[in-house]
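Data block below; observations after.
The values are calculated or read from the model by the stated rules, or taken from the named source; none is laboratory data. Computed from a predicted model, the values in this text were never measured in an experiment. In this analysis, Cβ positions are derived from the backbone assuming ideal geometry, glycine residues included, and neighbour counts consider all displayed protein chains.
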Amino acid sequence: MRIVDVCAFYTPAGGGVRTYVERKLRAGADAGHEIVILAPGTHDEVRHFGRNVRIVTIAAAPFPLDRTYHYFDDEPALHAALDALAPDMVEVSSPWTSAAMVARWRGAAPRALIMHSDPLAAYAYRWFGAIADRATIDRRFDWFWRHLRRMDAAIDLIVCASHDLSRRLTAGGLTRVVTEPMGVEPGLFTPANRDETLRAELLRCCNLPPDAVLLIGVGRFAPEKRWPMVVDAVTRAGLAQPVGLMLIGDGRERDHIARAAFGSPHIRLVQPVRDRAALARILASADALVHGCEAETFCMTAAEARASGLPVIVPDSGGARDHWRKGQGALYRGGDGAALAQALTGFLADDPSMHRARAADAAREVRSMDDHFAALFARYAQLARGVADAA
């Protein structure tokens with residue numbers, strides 16, 4: 001099949017979406033498919049990654065809420081690109097205008113909407129959650145739910161990577177929702193990467209001895225990640241027991257996060273680790289992952305942490321929730337800093353090494369990206385056969 005992914009949230013500087021896209025290029029080529037990523041960017045460009053895989057960029061406007069990204073703003077240009085590519089299957093990975101543009105394209109290929117973003121959780125629930133419950137917010141944003149239901153009627157498949165998002169969309173009236181969890185890069189993230197010498201070095205960077213607890217956070221420094229809340233909760237939990245926090249990432253919230261740390265010698269902000277093998281060693285050498293974002297559609301970071309044998313301390317909603325297992329970390333009420341501090345305090349008091357031992361035993365359960373793509377491509381082949389049979 002020739003699969004075209006209209007990927008509004010791909011950027012070379014991105015995080016989980018970029019990792020997902022780049023693995024898809026390899027997995028698709030290995031399976032004999034032709035994979036084309038059609039993305040918005042600063043200018044028109046074609047980058048080849050082999051005979052059957054390429055990224056095609058269309059010049060587009062910057063995304064106003066995060067200028068790392070762009071968004072499709074020229075529907076005729078997008079349709080012309082799809083016409084020229086003549087796909088057997090079209091994916092679109094944003095529920096916003098690009099989904100509507102793909103729905104209006106006159107081509108015959110079946111279409112799937114991959115829910116790589118959750119705008120209500122990332123923005124509306126976060127902005128208004130302190131003054132209204134989710135049901136009330138959903139009613140106020142019924143225009144968005146109506147948009148999603150129109151996309152559900154016009155597109156053949158709505159793919160979610162977490163059960164939490166699938167449940168919400170189904171409850172909101174969508175009828176073509178399936179759950180297809182993503183996975184981690186095969187052979188890279190494993191408890192075998194644990195390095196006690198590296199762990200001691202990381203704790204030393206946090207001005208702590210080797211018998212302290214090392215927490216790690218990984219992700220963009222963006223408002224929806226709630227890193228200042230994480231920093232504050234770790235600081236409070238650390239009053240009872242020595243604990244260090246290493247945050248790996250970058251973004252426009254860096255200064256805000258640094259201010260939240262109040263110059264704590266036990267909290268370190270570290271630039272993104274581009275070497276994936278090095279990141280795998282760091283994850284496996286920590287004692288737990290802590291995550292603040294309840295707007296994740298899958299949470300690649302939590303999956304990589306679990307595959308590395310780490311307990312995860314995550315909110316009770318969003319994609320991160322799917323990665324928690326009883327006795328392997330902690331859940332807390334999403335967006336509630338006091339609840340996170342309490343969960344951290346309980347985790348620290350409950351012998352983190354036992355949590356880690358159980359998590360290491362369960363690491364093999366984490367799905368690989370190749371398993372994910374094999375299942376996804378099988379769904380696409382079934383859809384494409386249905387269209388061919390109908391013709």
Taking the stretch 161-191, which residues are of a type in the set (A, V, I, L, M) and loosely packed, with under 13 Cβ neighbours inside 10 Å?
Ala171
Pairs returned, first residue in the stretch 90-109 that is more than 19 Å from Tyr380 (Cβ to Cβ) and not assigned by TED's automatic domain parsing to the domain that holds Tyr380, second residue that is polar (S, T, N, Q) and surrounded by fewer than 24 Cβ atoms within 10 Å (Cβ to Cβ), beta-carbon separation under 8 angstrom, 6 or more apart or interchain, are none
Within the stretch 2-11, can one find any residue that is in contact with a helix residue (DSSP H, G or I) (Cβ under 9 Å, 6 or more places away or on another chain), assigned to a loop (DSSP other than H, G, I, E, B) and at pLDDT 90 or above?
yes
Has the stretch 110-125 got any residue that is surrounded by 16 or more Cβ atoms within 10 Å (Cβ to Cβ) and over 20 Å from the mean Cα position of the chain (by Cα)?
yes
Can you confirm whether Thr197 is β-branched (Val, Ile, Thr), at pLDDT 95 or above and either buried (at least 19 other Cβ atoms within 10 Å of the Cβ) or part of a helix (DSSP H, G or I) (or both)?
yes
Hey, among the residues in the stretch 71-87 that are outside any helix (DSSP H, G or I) and in contact (Cβ under 8 Å) with a residue 60 or more places away in the chain, which one's nearest to Met101 (Cα to Cα)?
Phe72
The stretch 219-251, residues that are surrounded by fewer than 24 Cβ atoms within 10 Å (Cβ to Cβ) and assigned to a strand (DSSP E or B)
Met246, Ile248
Quick check on Leu239: is it over 30 Å from Ser317 (Cβ atoms) and over 26 Å from the mean Cα position of the chain (by Cα)?
no
Whichever residue in the stretch 35-68 is over 23 Å from Pro87 (Cβ atoms) and among the hydroxyl-bearing types (Ser, Thr, Tyr) and, among such residues, is modelled with the lowest pLDDT:
Thr68
Can you find a residue in the stretch 169-177 that is assigned by TED's automatic domain parsing to the domain that holds Thr11 and over 24 Å from Leu383 (Cβ atoms)?
yes
Helices (runs of 4 or more DSSP H) contained in the stretch 107-186 and holding at least 2 residues modelled with pLDDT under 95 and among the small types (Gly, Ala, Ser)
none
For the stretch 298-331 the number of residues that are surrounded by fewer than 24 Cβ atoms within 10 Å (Cβ to Cβ) and of a type in the set (Ser, Thr, Tyr) is 1
Starting from the stretch 43-56, take each residue that is within 17 Å of Ala8 (Cα to Cα) and list its partners that are among the hydroxyl-bearing types (Ser, Thr, Tyr) and assigned to a strand (DSSP E or B), counting only C-beta distances under 9 angstrom and pairs at least six apart or across chains.
His43/Thr57; Asp44/Thr57; Glu45/Thr57; Val46/Thr57; Arg47/Thr57
Do we have any residue at all in the stretch 278-288 that's buried (at least 24 other Cβ atoms within 10 Å of the Cβ) and in contact with a Cys (Cβ under 8 Å, 6 or more places away or on another chain)?
no
Out of the residues in the stretch 337-360 that are free of Cβ contacts under 8 Å to residues at least 12 places away in the same chain and not hydrophobic (A, V, I, L, M, F, W, C), state the one that is nearest to Ala161 (Cα to Cα).
Gln342
